[in-house]
Amino acid sequence: MSYEQIPLDQFSKVFSSLTELSSVATGGEIVFVSDDFFAEAFHLLLVEPAASLKGQFGPKGALYDGWESRRHNPAYDWVIIKLGTTGSLKGFDVDTSHFNGNEAPQASVQALSLPLGEAPPRFDDARWEEVLPKIKLGPNSRHLFTILPTAPVNYVKFNMYPDGGIARFRVYGDVEPIHPSDARELFDAAHVFAGGRVVLTSDQHFGAGANLILPGRGKDMGDGWETKRSRQTDHKDWTIIKLGSPLYISYVVVDTAHFKGNFPQYCEVHAISSLSEIPPHSPSHADEWMLILPRANLGPHREHFFAVENAEGKTFTHIRLTIYPDGGIKRVRVFGSKLPTSRYVHSDTASDAVNAYNSRENDISRPSTRETIALPISPEAFAPFGQVIQSYPDVNATPSPRSIKITSANSGTALKYHKLMLLASSYPEALSATSGISVYRCEPAPNAREVEVKVLERHPYTNQAFIPLGADADQRYIVAVAENGEDDRPNLSSLRAFVVRGDQGVVYDTAVWHLPMTVIDGPMDLACVETQVGNGEPADCETVELVADRVIVKA
């Protein structure tokens with residue numbers, strides 16, 4: 001097997017666009033090991049760099065952050081690794097950091113692919129194929145090697161000769177993508193298992209951009225993407241993600257889990273369709289990128305679900321996430337489908353979606369159908385339309401740490417979140433308006449998970465708060481909102497829908513078009529906090545019936 005040793009200063013250039021298939025972050029695990037008497041083999045696959053434990057001893061001797069076997073092996077020691085996902089191997093990082101005098105002198109790598117569900121291979125399985133021949137190792141250093149791409153494999157056998165210690169072993173390659181069998185099904189095309197790759201990042205001072213597409217939500221700030229602090233005016237950082245398939249994008253998720261005081265203030269997302277691994281991204285190519293998420297607020301330690309704009313009927317191969325001015329993000333998800341869904345079709349059924357997108361018939365004789373997915377609400381995603389009312393048990397995860405006042409109350413048995421909303425009204429000065437609380441008793445519609453929006457309403461003089469009474473987080477309701485259009489009617493292209501938990505309330509800003517309160521999981525009482533004039537004149541409720549457009553909100 002042909003291979004090439006790569007200088008350490010070339011690591012980013014050679015390996016940055018590859019996926020670490022062996023890492024515990026992608027599900028890599030040790031299934032068998034010949035001997036790990038001094039230091040357990042699981043250390044090989046850890047995300048963080050090996051730490052020095054110099055001077056620390058345990059019952060068996062000196063402690064090491066790595067894999068170390070006993071002395072005097074007459075043959076060799078080995079470890080069998082199940083990769084986190086099937087992939088084509090392209091390179092390795094064999095790291096002997098902090099092993100000096102007890103490092104393994106040599107190592108080699110074998111690989112094979114087994115069918116899903118078959119038991120892990122034995123060390124002497126005849127199907128093992130050598131992919132990296134025996135190479136020399138040195139003390140306290142990283143050894144980088146590239147190989148010709150292999151066929152997809154899911155197991156690796158790492159051998160060291162004859163014994164000793166190795167701190168980390170990282171297997172790099174390209175994922176064999178996993179996509180839904182139904183091309184109209186929504187999936188996260190940025191995910192590492194879908195073949196997503198982070199191909200370029202402006203700054204990775206505290207955390208690698210490649211972490212953004214890993215499974216799960218991680219364990220701490222160390223497995224996210226974090227840039228250094230900037231003191232420059234109008235600074236921004238960015239990363240470009242190549243999707244695992246050309247995609248009709250529906251929505252994106254930006255997760256700031258564990259970033260509580262160092263999350264970015266804002267983000268925006270652009271998309272492009274390009275045949276290049278790294279698409280043109282200089283300022284002179286700015287017009288080639290389409291803005292699909294205008295600048296949006298971000299908050300600490302939570303997932304933000306954002307519906308995209310300007311993406312209808314278009315496929316994209318890459319997205320560029322820009323953060324302002326700097327900070328940390330844990331994960332980015334890009335959900336869409338390989339074929340268009342019936343988000344906007346001249347049809348009553350989703351099965352005609354492809355033909356409708358391709359033909360774009362100018363048929364106005366029948367109403368169009370527009371489908372909108374209701375996404376989990378967050379204060380930041382809902383900010384253009386109003387506020388979210390809720391408690392934040394984690395004091396470090398408030399909507400805006402620098403502006404929301406939190407104090408201890410009730411002799412230390414409660415926390416008070418001050419003024420999460422303020423009542424507003426713009427009635428003519430001659431009218432006497434008072435604030436009050438009403439209660440709406442809401443029953444779910446027959447098919448509450450697929451709501452047809454027949455009417456939208458707005459309140460031109462006041463904002464309104466709706467707060468569930470006695471509901472828990474498992475009870476939910478739907479909120480749908482839209483901006484005002486040029487014809488002083490709802491702009492349906494701006495319609496956004498959210499799923500709200502029973503322990504959250506919402507505040508509609510003045511004059512925001514919205515769906516009448518719609519519950520999903522059973523009857524719910526909601527308190528309405530509002531400002532009214534005594535005789536109800538002028539009326540503070542305007543309604544619009546949707547006749548020319550059929551709008552469906554799916555929970």
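The values are calculated or read from the model by the stated rules, or taken from the named source; none is laboratory data. Since the structure is predicted, the reported quantities are computational estimates derived from the model, not experimental observations. Virtual Cβ from ideal backbone geometry, glycine too; neighbours counted across all protein chains shown. These area figures cover heavy atoms from the full protein model, side chains too; ligands, DNA and RNA do not enter into them. Shrake-Rupley method; radii C 1.70, N 1.55, O 1.52, S 1.80 Å.
Against the numbered list (1) outside any loop (DSSP other than H, G, I, E, B); (2) in contact (Cβ under 8 Å) with a residue 12 or more places away in the chain, His72 comes up short only at (1). Looking across the range 85-127, just one residue is open to solvent by 60 Å² or more (accessible area, probe 1.4 Å), in contact with a Ser or Thr (Cβ under 9 Å, 6 or more places away or on another chain) and among the small types (Gly, Ala, Ser), and that is Ser113. Contact annotation: residue pairs with Cβ atoms under 8 Å, 6 or more positions apart or on different chains, pairing a residue in the range 372-384 that is more than 13 Å from Asp255 (Cα to Cα) with a partner that is hydroxyl-bearing (Ser, Thr, Tyr) and part of a strand (DSSP E or B), are Ile373/Ser250; Ile373/Tyr251; Leu375/Tyr251. In this structure, Leu114 does not qualify as assigned to a strand (DSSP E or B) and closer than 22 Å to Ser34 by Cβ. Within the range 414-429, residues that are over 15 Å from Ile389 (Cβ atoms) have Cβ atoms under 8 Å from residues that are open to solvent by 70 Å² or more (accessible area, probe 1.4 Å) and of a type outside the set (D, E, K, R) in these pairs: Ala414/Ser408, counting only partners at least 6 apart in sequence or on another chain.
Taking the criterion of being open to solvent by 70 Å² or more (accessible area, probe 1.4 Å), in contact with a strand residue (DSSP E or B) (Cβ under 9 Å, 6 or more places away or on another chain) and more than 21 Å from Asp203 (Cα to Cα), the residues of the range 255-302 that qualify are Ser273, Leu275, Glu288.
Kindly list the number of the only condition in (1) within 19 Å of Ala194 (Cβ to Cβ); (2) touching a residue at least 60 places away in the same chain (Cβ under 8 Å); (3) open to solvent by 10 Å² or more (accessible area, probe 1.4 Å); (4) not in a strand (DSSP E or B) that fails for Ala311. Condition not satisfied by Ala311: (3). Is it the case that the range 387-405 has a residue that's under 16 Å from Trp513 (Cα atoms), surrounded by 15 or more Cβ atoms within 10 Å (Cβ to Cβ), at pLDDT 90 or above and out of contact with any Gly (no Cβ under 8 Å at 6 or more places or on another chain)? Yes; the residues of the range 387-405 include at least one that is under 16 Å from Trp513 (Cα atoms), surrounded by 15 or more Cβ atoms within 10 Å (Cβ to Cβ), at pLDDT 90 or above and out of contact with any Gly (no Cβ under 8 Å at 6 or more places or on another chain).
Within the set Asn484, Asn491, the sole residue that is without any contact (Cβ under 8 Å) to a residue 24 or more places away in the chain, touching a strand residue (DSSP E or B) at 6+ places or on another chain (Cβ under 7 Å) and of a type outside the set (Ser, Thr, Tyr) turns out to be Asn491. If only residues of the range 22-46 that are in contact with a Gly (Cβ under 7 Å, 6 or more places away or on another chain) and in a loop (DSSP other than H, G, I, E, B) are counted, the one that is farthest from Ala167 (Cα to Cα) is Gly27.
Within the range 157-164, one or more residues are open to solvent by less than 20 Å² (accessible area, probe 1.4 Å), assigned to a loop (DSSP other than H, G, I, E, B) and on the phi > 0 side of the Ramachandran plot. Scanning the range 513-523 for residues that are open to solvent by less than 20 Å² (accessible area, probe 1.4 Å), in contact (Cβ under 8 Å) with a residue 60 or more places away in the chain and hydrophobic (A, V, I, L, M, F, W, C) yields a count of 3. It is to be established whether one or more residues within the range 9-32 are at pLDDT 95 or above and more than 30 Å from Ala194 (Cα to Cα). No, the range 9-32 contains no residue that is at pLDDT 95 or above and more than 30 Å from Ala194 (Cα to Cα).
Taking residues in the range 214-239 that are more than 17 Å from Leu321 (Cβ to Cβ), and partners anywhere that are at pLDDT 90 or above and among the hydroxyl-bearing types (Ser, Thr, Tyr), the pairs with Cβ atoms closer than 8 Å and at least 6 places apart or on different chains are Pro215/Thr26.
The listed residues are Pro177, Pro215, Pro149, and the only one of them that is touching a helix residue (DSSP H, G or I) at 6+ places or on another chain (Cβ under 6 Å), surrounded by fewer than 20 Cβ atoms within 10 Å (Cβ to Cβ) and not in a strand (DSSP E or B) turns out to be Pro177.
Where strands (runs of 3 or more DSSP E) fall wholly inside the range 442-555, the ranges with 2 or more residues that are within 18 Å of Met421 (Cβ to Cβ) are 464-469, 476-482, 496-501, 505-508, 524-533.
Each residue in the range 263-281 was checked for being in a loop (DSSP other than H, G, I, E, B) and either in contact with an Asp or Glu (Cβ under 7 Å, 6 or more places away or on another chain) or among the hydrophobic types (A, V, I, L, M, F, W, C) (or both), and 5 of them qualify.
Report yes if some residue within the range 151-159 is within 30 Å of the chain's Cα centre (by Cα) and under 30 Å from Gly61 (Cα atoms); otherwise report no.
Yes, that holds for at least one residue.
Look at (1) over 26 Å from Leu293 (Cβ atoms); (2) touching a residue at least 60 places away in the same chain (Cβ under 8 Å); (3) open to solvent by 10 Å² or more (accessible area, probe 1.4 Å); (4) not charged (D, E, K, R) and you find that Val499 fails only one, number (1).
The set of residues in the range 369-386 that are modelled with pLDDT under 90 and surrounded by fewer than 20 Cβ atoms within 10 Å (Cβ to Cβ) contains only Glu371.
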